[in-house]
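Following: one structure in structure tokens, then a few remarks.
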Amino acid sequence: MGAPGGGKGTISKKILKDFKFNHISTGDILRKHVQDKTELGLIANSYMVKGALVPDTVVIDMLRLIHKNKKNDESLLLDGFPRTIEQAKQLSTIFPIDCLISLDIPHQTIIDRLSNRWIHAPSGRIYSYDYNPPKIHNKDDITGEPLSQRDDDKPETISKRLVSYEQMTKPLIEYYRNHSKNTHVEVFQGTESDVIYPNVKNYLLKHFKTK
Ligand code: AMP
């Protein structure tokens, strides 16, 4: 877990290179529904564009479906779930959680980073005008199609998402410390994923039984 723009997706990708997990990002799943204009996508989008969390019932139902299709020997890397105490309570009835990795990134770093993040919506390719700019301004490197900004990355929405993170999601760290004795909880601080990741990797090697 971590604030929006705190590098959850980037750290997840790095973890997937070193460990065998099935990556489940509720944000990615919801964005796909929005793009495909499914019924769930239309409901989710009305919350996402405002920078609000999608209702617990919607995401919990999604997780139940994932659980139904999960292979027995498979480990999941949950990226962006749970995000509320209610989701955590429901999750505990579905999966045991071995490790909780929390990324603690200064808000100003996040605000600067998200305002500079542009995407090629059809493919999900992400560019940053800071460290990974497109070859041609505002055009996707592969297709040449125009880039766009995620509605929820627009400056006015970012601050709402950060407030929602502080109020709804951050308390989960204490919740897991106090209520889930079998979950190892670790908070990683920093501003750059490349610097944070080696610590995350060491932590996982120590606490997660890799196959
Ligand atoms: P993310 O890409 O993880 O930052 O998620 C993007 C948006 O999807 C969030 O700002 C929420 O509106 C929604 N979302 C993703 N995961 C959840 C979740 N577990 N609970 C509620 N809303 C979620």
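The values are calculated or read from the model by the stated rules, or taken from the named source; none is laboratory data. Worth saying up front: this structure is predicted, and the values here are computed from it rather than measured. Ideal geometry is used to build each Cβ from the backbone, glycine not excepted, and the neighbour counts take in all protein chains shown. Protein only, heavy atoms only, side chains kept; ligands, DNA and RNA dropped before computing areas. Shrake-Rupley method; radii C 1.70, N 1.55, O 1.52, S 1.80 Å.
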For the list (1) open to solvent by 40 Å² or more (accessible area, probe 1.4 Å); (2) modelled with pLDDT under 95, I need the number of the one condition that Y127 fails. (1)
Among the candidates V49, V54, single out the residue that is at pLDDT 95 or above and open to solvent by less than 70 Å² (accessible area, probe 1.4 Å). V54
Given the conditions (1) under 20 Å from Q167 (Cα atoms); (2) more than 7 Å from the ligand (Cβ to nearest atom), which single one is not true for G51? (2)
Looking at (1) within 28 Å of L205 (Cα to Cα); (2) at pLDDT below 90; (3) more than 9 Å from the ligand (Cβ to nearest atom), which is the only condition I111 fails? (1)
If we ask which residues in the stretch 1-28 are part of a helix (DSSP H, G or I), more than 11 Å from the ligand (Cβ to nearest atom) and of a type outside the set (D, E, K, R), their number turns out to be 4
Checked pairs for the stretch 20-39, first over 20 Å from A88 (Cα atoms), second buried (at least 20 other Cβ atoms within 10 Å of the Cβ) and among the small types (G, A, S), C-beta under 7 Å and 6 or more apart or across chains, list as H33/A44; V34/A44
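Yes or no, residue by residue, for (1) more than 9 Å from the ligand (Cβ to nearest atom); (2) modelled with pLDDT of 90 or more:
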residue: V59; (1), (2): no, yes
residue: K70; (1), (2): yes, no
residue: D79; (1), (2): no, yes
residue: E86; (1), (2): yes, yes
residue: Q90; (1), (2): yes, yes
residue: D98; (1), (2): yes, yes
residue: S102; (1), (2): yes, yes
residue: P122; (1), (2): yes, no
Counting only strands (runs of 3 or more DSSP E) entirely within the stretch 103-211, those with at least 2 residues that are touching a Gly at 6+ places or on another chain (Cβ under 8 Å) and over 28 Å from Y47 (Cβ atoms) are none
Mind checking whether some residue in the stretch 69-76 is out of contact with any Gly (no Cβ under 6 Å at 6 or more places or on another chain), in contact (Cβ under 8 Å) with a residue 60 or more places away in the chain and over 20 Å from V54 (Cα atoms)? yes
Looking only at the stretch 29-40, which residues are within 8 Å of the ligand (Cβ to nearest atom) and either farther than 12 Å from V59 by Cα or part of a loop (DSSP other than H, G, I, E, B) (or both)? R31
Among the residues of the stretch 74-95, are any touching a helix residue (DSSP H, G or I) at 6+ places or on another chain (Cβ under 7 Å), open to solvent by less than 40 Å² (accessible area, probe 1.4 Å) and of a type in the set (V, I, T)? yes
